[in-house]
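What follows is a short report on a single structure.
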Amino acid sequence: MDADVMAAMGISGFGKQTRKRQLDAARFDKAKREEVSTPPSAQGRGQDAGPSLTAANPPPPPGLSGVASEDVDSPQPPSSASASRPGEPPEEEPEYDPDEEYGISGQADLPEFPITHELILKDHNKVVSALALDPSGARILSGSHDYDCKLWDFGGMDQRCKPFKSWEPAESYHIHDLKYSPDGQRFLVVSGTTQAKLYDRDGEEQATFVKGDPYIRDMKNTAGHVSELSSCAWHPKDMQTFITGSADSTIRIWNVENKRKQKTVIVVKSKERGARTKVTTCGYSPDGRYIAGACLDGTLHLWKTNSNFVRPDITTQYAHDKGTETGSLAFSVDGNTILTRGGDHTVKLWDIRSFKRPIAERSETKTLYPSTNAIFSPDNKHIVTGAGGPEKGGHGTLLFLSRQNLEVVKELDIGATPVVVQWHPKINQIVVGLTTGALSVLYSPQTSLNGAKLLVNKGPAKRPTIEDMSDAAAAPAIIIPGVTRDGEFTSGLPNKRKRDKDRQDPRKSRRPEMPVHGPGRGGRVGASATQHVVQNLVRDTTRDEDPREALLKYAKADDEDLQWTAAWRINQPKPVFAEEVEEKDEGEGE
């Protein structure tokens, strides 16, 4: 029906109009960070500390002034400045740009880094040592020195900002590394033990991979690692393959379907005495052609995945100081540049085509924890890493470095020392694990998508009132076997089989406990050791039997069965039993 006809008939629409929720325009102001002073190098580049939330609209183009005046009741005459003077050529009308009408003049007003707002997720008790985000950006996986792993879901969290699952993967061992699979359906947990664990998306354990025999000297002959694990990485294209690095001087390639033994073993040999060294971190190149590993002796190795892994294809001996743990290793998008974050307080860039010396180096980035990492930005123009404070207990900073020369572009004070950092490319948000056990989610309302913004759009949780509590206490819960919690029977053929199966389950159908039949039914005897004892007591009849008769019944058996006494039967005396004399009553004798 035409809208004009409906308006003439007095019909505004069909059905009840849904009430639209009005969002507060200033809802992000509560999470806005305070302005931080920018270093001189960043000010020279014109980098803003943080954009304002309201951008002023530019004036409309002169060519649109006549069009806009038609909608106004009292049009204004054109200004004399816009009219062309006689004898001069008329000015060209500028091209219409729809972005200028909404105040979006290119990308000048948008922040370069999503750090204007912050969301704090606090549930760990100690330093956050591992961090991972699923490929969709909907969930965060965190590991800490408090031995816990926690799963956070942006869509399911409320204003309390608590994880929906928390567990201890390896009892009292620190969590060293966490990695999501490329499809986001599984993730790996690497702790201080010798066994990596595989979990599904919801945190249910799927496999625990085998550990090797510590008494075997040759590491190629062991089925798994024999020392604590340090890191792991998934193959970027093969969802069934991943690698783990360990202190037993090996990198092992695994298949998720075979938890009994690894596919291949890469033995890392050191030039130091003993020929063994700890593999502190490892990773795949984006195309899956190379496996890189950094070691405790300061070396950096690369192996081609199509080789036999006898010796590395590319090696640099003194990538970092000897005896320091390299916290992270990351490839650029093109696969030609490697970024390393060393325990010697340096950040270095390496080109695999010229691997002897770093192409750029940044020192004085203090490292307090060996798991401190460095990452590339999604556009590969910057590098993000954390640096510790100048003194113990001081505030650390989050550094944004230029990829060209590793100069500081932006320095952000986040109140504690950042250890691990991740920048998700889809939601454009930065998640930082701090020494206080908190997770800091940095975002921008203008350039970020979903993630932490979902929590701001949600209203605060409704506080229960006295009336609500009294109504809940006064209304008794009626439990009917075979009925769901909502009190509805599901209908339809597909649910019939499931409903019948649930009715057979005593827990789902809430069926009352049936009485016990058989021995012990007078008391509540369960299927335990008590029931076994009671049943044997009922069956036992030796209490009502004469012991003398019980012994004499074996007298005839001894005469018939000469299995044990046949050898000396001739010399054995014959037993003489006393004859029973019947006593006469006194009355009969008289």
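The values are calculated or read from the model by the stated rules, or taken from the named source; none is laboratory data. Worth saying up front: this structure is predicted, and the values here are computed from it rather than measured. Methodologically, a virtual Cβ is constructed for each residue, glycine included, from the backbone with ideal geometry; neighbour enumeration extends over all protein chains shown. We work out accessible area using only protein heavy atoms, side chains counted, and drop any ligands, DNA or RNA first. Shrake-Rupley method; radii C 1.70, N 1.55, O 1.52, S 1.80 Å.
Answer rounded, prolate or oblate for segment 180-327, using the Cα gyration tensor with square roots of eigenvalues a ≥ b ≥ c: rounded when a/c is under 1.5, else prolate when a/b is larger than b/c, else oblate. Prolate. Highest average first, the peptides 427-439, 198-210 ordered by how many other beta carbon atoms sit within 10 Å of their residues are 427-439, 198-210. Take every Cα pair under 8 Å whose residues are at least 6 apart in sequence, average their separation, divide by the length of segment 311-419, and the relative contact order is 18 percent. Rounded if a/c is under 1.5, else prolate if a/b is larger than b/c, else oblate: which is segment 262-332, with a ≥ b ≥ c the root eigenvalues of its Cα gyration tensor? In terms of gyration-tensor shape, oblate. The alpha carbon centroids of segment 334-356 and segment 368-388 are separated by 12 Å.
Shown are ILE338, ILE466, ILE352, whose ranking by accessible area with a 1.4 Å probe and every protein chain present, most to least, is ILE466, ILE352, ILE338.
Other residues lying with their Cβ under 14 Å from the Cβ of LYS261 contribute a combined charge of +4, Lys and Arg counting +1, Asp and Glu -1.
Once the Kirkwood radius over Cα pairs is known for segment 106-259, the Stokes-Einstein relation at 20 °C and 1.002 mPa s delivers a diffusion coefficient of 127 µm²/s. Listed peptides 317-324, 248-255 appear in the order 248-255, 317-324 once ranked by packing, highest mean of other Cβ atoms within 10 Å at the front.
Here the 3J(HN,Hα) profile of segment 205-216, calculated from phi with Karplus coefficients 6.51, -1.76 and 1.60 at θ = phi - 60°, is 5, 10, 7, 10, 7, 5, 9, x, 8, x, 8, 8 Hz, Gly and Pro shown as x.
Averaged over residues, the count of other Cβ atoms within 10 Å places the peptides 394-406, 300-312 in the sequence 394-406, 300-312, highest first. Sorting LYS574, LYS410, LYS453, LYS553 by solvent-accessible area of protein heavy atoms yields LYS574, LYS553, LYS453, LYS410, largest first, with a 1.4 Å probe.
All other residues whose Cβ lies under 11 angstrom from that of ASP287 are scored, Lys and Arg at +1 and Asp and Glu at -1, for a net of +1. Residues whose amide H falls under 5 Å from that of LYS179, counting only those 5 or more places apart or on a different chain, are LEU188, with hydrogens built in the peptide plane. Scalar couplings 3J(HN,Hα) for segment 293-307, obtained by applying the Karplus form with A = 6.51, B = -1.76, C = 1.60 to θ = phi - 60°, are x, 10, 10, 6, 7, x, 8, 10, 10, 10, 10, 7, 5, 9, 9 Hz; x denotes Gly and Pro. Measuring nothing but protein heavy atoms, the accessible surface of segment 157-291 at 1.4 Å probe radius is 43 percent carbon and sulfur.
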